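The values are calculated or read from the model by the stated rules, or taken from the named source; none is laboratory data. Here the structure is a predicted model, which means the values were calculated and not measured. Backbone-built Cβ (ideal geometry, glycine too); neighbour counts: all protein chains shown.
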Amino acid sequence: MTLSLKTLAGGSAPIEDAVLEDLRGVLRGVAIVENEPGYDDARALWNGMIDRRPALVVRARGTSDICATVNFARDNGLLLAIKGGGHQIAGYAVADGALLLDLSLMRSVHVDPASRTVRVEPGCILSDVDQETQLYGLAVPLGINSTTGVAGLTLGGGFGWITGKHGLTIDNLLSAEVVCVDGNVRLASPDRNADLFWAIRGGGGNFGVVSSFKFALHSVGPEVLSGLVVHPLAEARDLLRRYREICARAPDELTAWAVLRKAPPLPFLPEEWHGREVLIFAVCYTGGMDEGEKALQELRSLGKPIVDVIGPHPFTGWQKAFDPLLTPGVRNYWKSNDFLTLSDEVIDTVISSVAALPDPQCEVFVAHLGGQMACVELAETPFPQRSAHFVLNVHTRWVDPAQDQGCIAWARDLFDRTAPHAAGSVYVNFMPADDEARMPQAYGSNMERLRKAKAKYDPGNFFRLNHNIQAAAEAVSASRQGRPAL
């Protein structure tokens, strides 16, 4: 049998059985095709809207498998897709007819409590890391859905419940091993290949395949003061105005986010509220319980909540709290913007849209980022917004494909109506595939430096199935003439 795979040039290339067997012979993992065991697991993504069929899948077991796959794809001019946790909203991790490098079996986590560091393989999801680090009362600032892949989260920036106290995920990345387009493994750190290290802390998968991450750890838990306060949507206008004031003076240990949606059938909610529009404050305090009670007093005193279920919870449990609402395989579409302030106009627009949700699973998520995240200079990483700000993510979620048009239109309408008040930046991990025109907003003043790094490490745009950064032409020319590209 001869396989036909998509090429970088846009055509197709035949791969003879003997060539495929040579590849299989050097792998610790497996190379599989359609209808073979593991194929459907390998191509499955969190976003159920993405249903693509690669021509060949390599399920890597280690760095040598990554190197072999990159070399194979490059030497044969093949289009290469790379999947870590498979959680990215845009779905670039899988492409029809391409070669898929699936890293999801590489899930080793090694904690060094003495140095307070952890090494993480690229197939890990958040719960893998939390489970191992919390054995020592330590944590990395990661995201908010435990099935999110660590690799994609990190390469795009990464924020979560302890970002205010300990910074973004990229602010805690100490080094990484990167398989580059030449198939060689390079250490990226402040002292080795520093330009590559800078670029991967927010620049996505544009520069190579990360085979290992090394993070700094912080004392967190094992319990944190966390939970939900649920209010009727009818009270949201006044509550959100007061919420933005609380965020402005909140201590770094306190994270308070808002979600507007129809109430799910949670066991602690009165049944008469199930399916009705609500405003939910989700909070986490990472310091002492007594200090947390004081820090949360003002937020908890707002209005007359339907329920208040804030209390001590295991950090690992709180990290999974929203998993039941974010299960894999459902159709998802996001639109997002950053806001330096949550203006009255934005608040009113969001509330009016939530009153007309196209599906009970749709929601509007408002995250406040500040604290230590805002203490890092803008040029230190590619992440585009280092001022304290609100991230507004319009999250449409549904099951029936017949609802695609209505749900997507609702998200775009809310996005368009709030955009005039936005800060002009956007979190790249929240960008769908049709947002490519917003790439300058994703990196702002850091874009040109990223383009130069792309020219040095991937001038031919081999790593292109991502939120793609175009190489700086002058840097490519300099590199080809033997001069330093940076």
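Miscellaneous remarks
- Residue in segment 264-279 that is buried (at least 20 other Cβ atoms within 10 Å of the Cβ) and part of a strand (DSSP E or B) present: yes
- The helices (runs of 4 or more DSSP H) found entirely in segment 125-240 that carry 2 or more residues being over 21 Å from Ile469 (Cβ atoms) and at pLDDT 95 or above are 126-133, 163-166.
- All positions within segment 363-392 that are more than 19 Å from the chain's Cα centre (by Cα), farther than 16 Å from His166 by Cβ and hydrophobic (A, V, I, L, M, F, W, C): Leu378, Ala379
- All positions within segment 321-351 that are surrounded by fewer than 18 Cβ atoms within 10 Å (Cβ to Cβ), at pLDDT 95 or above and part of a loop (DSSP other than H, G, I, E, B): Val330, Leu340, Thr341, Ser343
- Residues satisfying the stated conditions in segment 17-37, i.e. farther than 14 Å from Asn71 by Cβ and acidic (Asp, Glu): Asp17, Glu21, Glu34, Glu36
- Filtered by the rule that a residue be over 16 Å from Val57 (Cβ atoms) and over 31 Å from the mean Cα position of the chain (by Cα), segment 1-10 gives a lone residue, Thr2.
- Residue list for segment 304-318, restricted to those being in a strand (DSSP E or B) and closer than 17 Å to Leu135 by Cβ: Pro314
- Residue match in segment 457-473 (condition: modelled with pLDDT of 95 or more, part of a helix (DSSP H, G or I) and more than 19 Å from the chain's Cα centre (by Cα)): yes
- Residue list for segment 300-345, filter: among the small types (Gly, Ala, Ser) and over 18 Å from the mean Cα position of the chain (by Cα): Ser301, Gly303, Gly311, Gly317, Ser343
- Of the residues making up segment 92-105, those that are assigned to a loop (DSSP other than H, G, I, E, B) and either of a type in the set (S, T, N, Q) or under 18 Å from Cys180 (Cα atoms) (or both) number 3.
- Residue within segment 355-374 that is in the same structural domain as Pro232 (by TED's automatic domain parsing), closer than 19 Å to Ala282 by Cβ, β-branched (Val, Ile, Thr) and not in a loop (DSSP other than H, G, I, E, B) present: yes
- Index of the failed condition, Pro190 passing every other in (1) closer than 16 Å to Tyr457 by Cβ; (2) surrounded by fewer than 24 Cβ atoms within 10 Å (Cβ to Cβ): (1)
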